[in-house]
Amino acid sequence: MKTKPTQYAARSLNSVGLQADVILARALVALDQKRKEKIAIFCNIPTERVISAPDVESIYDVPGNYEQDGLGDILTDVLSLKRRKTDLSEWERFVDKSKKTTKEVPIAVVGKYFSSGEFVLSDVYISVLEAIKTAGYHLNVKPKITYLSSQDFETGKLPLSELDKFGGILVPGGFGATGVEGKIKVIEYARTKKIPYFGICYGMQLAVVEYARNVAGMEDAHTTEIKKDAAYPVIDIMESQKDVMEKGNYGGTMRLGAYPCVIKEGTLAHEIFGTSEISERHRHRYEVNPKYIEHIEKAGLVFSGKSPSGVLMEVAELPKSEHPFFIGIQSHPEFLSRPLTPHPIFSAFIKAARDK
């Protein structure tokens with residue numbers, strides 16, 4: 001509980017003309033009054049603006065912890081804003097539920113960025129993982145997430161039967177060739193074994209590739225991001241973007257930000273969203289190739305969400321008569337999911353996994 005490092009940090013800021021208004025004092029345990037007073041004196045701020053930031057059980061405990069020291073009121077004073085009565089009751093109920101929920105639902109997240117040397121870095125998919133967890137808490141279940149490397153399925157290090165133990169399988173977004181065939185194998189297994197599947201961005205595109213190869217009779221189907229000379233480039237750069245790409249001007253070729261999507265009635269997507277039009281955030285460059293949409297749909301895959309123009313495929317799914325839950329979405333719904341308002345597609349995925 002030495003305060004010297006904090007004093008030194010404050011002096012370093014002062015040396016470049018910065019004076020802290022508030023100090024959040026990180027430590028294993030909460031600061032006592034003596035330490036707060038000492039930091040205040042030597043860092044030249046009021047004692048009440050030294051906020052204790054001890055280790056907590058969950059990241060969701062942090063707002064309540066700061067509120068104990070009145071950080072909200074302090075910040076409104078510092079910023080000359082009008083004070084409002086703080087009401088964290090809904091947040092506290094959410095945090096309480098997250099801790100008391102005991103029924104577990106095993107979820108497999110199959111990605112390629114987990115491994116770094118001898119360590120597993122799950123934070124690379126942090127938005128997706130938190131969206132899974134918060135959706136589960138609202139359904140009174142605790143998602144037990146296992147991180148699986150798609151490369152292990154590609155090389156055979158992990159048998160596909162490893163997936164049988166999970167209630168649901170999620171393939172998140174990504175780029176590049178590493179582990180792609182492993183992901184495609186996982187998607188095929190989830191489809192044929194009726195395991196609830198949810199694909200995000202790349203996870204949707206590869207679901208289209210898998211279906212085209214194994215159901216629609218396009219043996220060499222692929223994304224041109226990986227195989228430019230594929231016989232069936234079912235995922236490709238749109239024609240309007242190709243000239244720009246060939247000139248090396250990559251900056252203007254990504255779909256970024258919110259785009260509208262029209263949902264087809266009578267589909268799983270319409271059941272999930274409960275509306276005929278949604279707006280979701282995107283971050284990708286490749287699209288489902290319009291040239292092959294009719295052929296793939298005839299084989300049984302349903303493009304239940306499309307751009308208003310009907311050119312861009314936003315959601316792909318299998319009918320419930322064929323699979324309990326198999327859906328992919330081109331956007332990134334994790335960016336719109338919030339602890340108190342989980343995204344409906346994550347909630348639907350967890351429900352399907354729970355039911356399995």
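The values are calculated or read from the model by the stated rules, or taken from the named source; none is laboratory data. Please read these numbers as outputs of a predicted model, since none were measured by experiment. Quick reminder, even Gly has a Cβ in these numbers, built from the backbone with ideal geometry, and neighbours come from all protein chains shown.
Checking F94 against (1) farther than 18 Å from P344 by Cα; (2) outside the structural domain of R338 (by TED's automatic domain parsing): exactly one of these is not met. Which one?
(1)
Looking at I41, I74, which is the one that is in a helix (DSSP H, G or I), surrounded by 17 or more Cβ atoms within 10 Å (Cβ to Cβ) and not charged (D, E, K, R)?
Just one listed residue meets the conditions, I74.
Determine, yes or no, whether E317 is of a type in the set (D, E) and surrounded by fewer than 22 Cβ atoms within 10 Å (Cβ to Cβ).
no
Give me the pairs: first residue in region 210-226 and closer than 11 Å to L301 by Cβ, second residue crowded, with 22+ Cβ neighbours inside 10 Å and not hydrophobic (A, V, I, L, M, F, W, C), beta-carbon distance under 6 Å, and six or more apart or on different chains, which are they?
That search, which allows pairs on different chains as well, returns nothing.
Any residue in region 127-145 that is in contact with a strand residue (DSSP E or B) (Cβ under 6 Å, 6 or more places away or on another chain), outside the structural domain of K351 (by TED's automatic domain parsing) and of a type outside the set (K, R)?
no
Give region 145-186 a look and list any residue that's among the acidic types (D, E) and under 23 Å from V215 (Cβ atoms), or say none.
Residues satisfying the conditions are E154, D164, E181.
Which of the residues spanning region 15-33 are over 22 Å from D73 (Cβ atoms) and without any contact (Cβ under 8 Å) to a residue 24 or more places away in the chain?
Within region 15-33, S15, V16, G17, L18 meet the criteria.
Residues checked against (1) within 23 Å of A177 (Cα to Cα); (2) touching a Phe, Trp or Tyr at 6+ places or on another chain (Cβ under 8 Å):
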{"residue": "G266", "(1), (2)": "no, no"}
{"residue": "A269", "(1), (2)": "no, no"}
{"residue": "G274", "(1), (2)": "no, no"}
{"residue": "E280", "(1), (2)": "no, yes"}
{"residue": "P290", "(1), (2)": "yes, no"}
{"residue": "P308", "(1), (2)": "no, no"}
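Across region 44-71, what is the total count of residues that are in a helix (DSSP H, G or I) and not β-branched (V, I, T)?
11
Go through region 305-334 residue by residue and tally those that are closer than 27 Å to M254 by Cβ, out of contact with any strand residue (DSSP E or B) (no Cβ under 6 Å at 6 or more places or on another chain) and polar (S, T, N, Q).
Residues in region 305-334 being closer than 27 Å to M254 by Cβ, out of contact with any strand residue (DSSP E or B) (no Cβ under 6 Å at 6 or more places or on another chain) and polar (S, T, N, Q): 2 in total.
Please give the strands (runs of 3 or more DSSP E) falling wholly within region 140-227 in which 3 or more residues are surrounded by 23 or more Cβ atoms within 10 Å (Cβ to Cβ).
Counting at least 3 such residues, we get 168-171, 197-200, 221-223.
Can you name the condition, by its number, that E188 falls short on among (1) modelled with pLDDT under 95; (2) acidic (D, E); (3) within 26 Å of A352 (Cα to Cα)?
Single failed check for E188: (1).
Given (1) over 27 Å from S58 (Cβ atoms); (2) in a helix (DSSP H, G or I), identify the lone condition not met by G17.
Failed condition: (2).
Just give me the residues in region 291-335 being of a type in the set (G, A, S), within 18 Å of A352 (Cα to Cα) and either without any contact (Cβ under 8 Å) to a residue 24 or more places away in the chain or outside the structural domain of Y125 (by TED's automatic domain parsing) (or both), in sequence order.
Selection gives S321 alone.
Go through region 22-38 and report how many residues are over 34 Å from the mean Cα position of the chain (by Cα) and in a loop (DSSP other than H, G, I, E, B).
2
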